[in-house]
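What follows is a single structure, written as structure tokens, with notes after it.
The values are calculated or read from the model by the stated rules, or taken from the named source; none is laboratory data. The structure displayed is predicted, hence computed values, not measured ones. We place every Cβ from the backbone using ideal geometry, glycine too, and count neighbours over all the protein chains shown.
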Amino acid sequence: MRTHGDWVDHEEDEHQAAHGECGEHGEGSAQPGFRMTRQRRLVYDVLLHDLNHPTASDVFLRAKDRLAGISLATVYNCLETLTEAGLVKQVNLDREPSRYCPNLNDHAHFFCMACGSVEDVVPAPLGGGLQGWCIPDGTRVEKMEVAMRGRCRRCATEADSSGAVAPQQASESARASN
Ligand SMILES: [Zn+2]
Ligand SMILES: [Zn+2]
């Protein structure tokens, strides 16, 4: 079991219910020495419950409704600390502001080029330990960052029904980022 240190106000049931659909997607456990302050807790809550892969500015807009006086700089600091503590992953898109993801399970990100939404994509299990990737023998994967691009279901349907130009070739719309 995870330990929560000094997170005395932790509401386990609520968090689990909010992520029931995603199975194990829930709170991770922080590095030893990490302290969950009120501001960090707020920022983390916004990531867990309120917004889907937001940027720091998105988090700030939501957080300041709940905690008057919190600054964008503080939100940046909290996000950095949460990332360093291993509770949150930073998702980088070329030339766009970083986004933040609290899902610590191995997953890739799908970016909709039409509406800008970001969704988690989970690898299909093949039965072995490695899931659908041809990784050279002897390689030890320690961190996974895969990005796919295209149109989300909503935008693809809209594009089809409005007769818009076809999306890019499949080979171009899905690519791995280093
Ligand atoms: Zn994610
Ligand atoms: Zn979309």
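Might you let me know whether the stretch 152-163 holds any residue that is away from ligand 1 (no atom under 14 Å from the Cβ), surrounded by fewer than 16 Cβ atoms within 10 Å (Cβ to Cβ) and modelled with pLDDT under 75? Within the stretch 152-163, one or more residues are away from ligand 1 (no atom under 14 Å from the Cβ), surrounded by fewer than 16 Cβ atoms within 10 Å (Cβ to Cβ) and modelled with pLDDT under 75.
Looking at Val43, Val59, Val118, Val91, which is the one that is within 16 Å of ligand 2 (Cβ to nearest atom) and of a type in the set (Val, Ile, Thr)?
Details: Val43 fails: within 16 Å of ligand 2 (Cβ to nearest atom); Val59 fails: within 16 Å of ligand 2 (Cβ to nearest atom); Val91 fails: within 16 Å of ligand 2 (Cβ to nearest atom).
Just a single option satisfies the conditions, and that option is Val118.
For residues that are in contact with a Pro (Cβ under 8 Å, 6 or more places away or on another chain) and either basic (Lys, Arg) or in contact (Cβ under 8 Å) with a residue 40 or more places away in the chain (or both), scanning just the stretch 40-55, find the one that is farthest from Leu72 (Cα to Cα). Don't jump to the end; show me each part of the working.
Of all residues in the stretch 40-55, those in contact with a Pro (Cβ under 8 Å, 6 or more places away or on another chain) come to 44, 46-48, 55.
Keeping just the survivors that are either basic (Lys, Arg) or in contact (Cβ under 8 Å) with a residue 40 or more places away in the chain (or both) gives 44, 47-48, 55.
Numbers: Tyr44: 15, Leu47: 15, Leu48: 19, Thr55: 11 Å.
If we take residues in the stretch 40-55 being in contact with a Pro (Cβ under 8 Å, 6 or more places away or on another chain) and either basic (Lys, Arg) or in contact (Cβ under 8 Å) with a residue 40 or more places away in the chain (or both), then Leu48 is farthest from Leu72 (Cα to Cα).
Residue under question is Cys112, and the condition is that it be in the same structural domain as Cys152 (by TED's automatic domain parsing) and touching a residue at least 12 places away in the same chain (Cβ under 8 Å); does it hold?
Values: in the same structural domain as Cys152 (by TED's automatic domain parsing): yes; touching a residue at least 12 places away in the same chain (Cβ under 8 Å): yes.
Yes; evaluated as a whole, the condition is true for this residue.
Counting only residues that are among the β-branched types (Val, Ile, Thr) and over 13 Å from the mean Cα position of the chain (by Cα), the stretch 25-58 holds 2 of them.
The set of residues in the stretch 87-108 being modelled with pLDDT of 90 or more and either among the hydroxyl-bearing types (Ser, Thr, Tyr) or farther than 17 Å from Ala56 by Cα (or both) consists of Ser98, Tyr100.
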